[in-house]
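Quick notes on the structure that follows.
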Amino acid sequence: MNAFIRLLIVVILAVNTPRLAAAQDVAITNARIIVGTGQVIDSGTIVVRGGKIASVTAGAAPTPGLRVIDAKGMTAMPGFIDSHKHVSDGPDAKGQMQSLLEAGYTTVLSGGSNAGADGALVDAAATQAKADGIVIAGFPTGSGTPAMDEAVKRATERGIPVVMTNRGGMGRVTETSGRQGEKRPLIYGDNLTPQKARVLLMLALTATKRPADLQRIFEQY
């Protein structure tokens, strides 16, 4: 496997959608909870409904109809973001991504460059992480390699929207007359950085997954 991760930043968006809801109607009880504001709840309950956090409370909370997970002795907190990570390629690449998830990292931005990059990480995001959206930061021209394009096609065939941005820090990535001939099933991130595109895609996916609608949102914002 070529060093795909050294060419592009891939942001895996763990945005919950209705297809995951049945498995994520749960209550996590007796947990030490670190809230995003820094507040610490020594023993509390997190209620998740439809794949989204419905409430975080101190002590017990009503849990009828929910799968209950007793987290006594454990700590729950928001997922970590590693904004600069180099994940090596090779047969252990998926294992490295799994270890990051198990360590609490839900977003990894990993960059570098390699003109021979393949689409292994895009495939892993789609099939292993079950991502609902992917943001790619390619060359400053807003492009990747042929192998990466094939991985993008596979992801979009699964119904996963893929947004192309660039890692140059400035400049626009938009549909052009030249790109129309490429027939790449991409949503173009315009002038947004990969990080900002991730936030916008997460918000947009709460309203629609239609590529045309998502593209209009990126053009507007």
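Numbers for the structure displayed
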item	result
Filtered residue count, the range 172-208, keeping only those that are at pLDDT below 90 and in contact with a Pro (Cβ under 8 Å, 6 or more places away or on another chain)	1
Helices (runs of 4 or more DSSP H) (entirely within the range 122-221) containing at least 2 residues that are within 12 Å of the chain's Cα centre (by Cα)	194-204
Residue check, Asp213 charged (D, E, K, R) and modelled with pLDDT of 90 or more	yes
Pair list, Cβ under 8 Å, 6 or more apart: the range 27-41 residue in contact (Cβ under 8 Å) with a residue 40 or more places away in the chain, other residue of a type in the set (Asp, Glu)	Thr29/Asp70; Asn30/Asp70; Arg32/Asp42
Strands (runs of 3 or more DSSP E) lying entirely in the range 18-72 (those with 1 or more residues that are among the hydrophobic types (A, V, I, L, M, F, W, C), under 19 Å from Asp132 (Cβ atoms) and modelled with pLDDT under 95)	26-34, 40-49, 52-58
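The values are calculated or read from the model by the stated rules, or taken from the named source; none is laboratory data. Values in this document were obtained by computation on a predicted structure and should not be read as measured data. We place every Cβ from the backbone using ideal geometry, glycine too, and count neighbours over all the protein chains shown.
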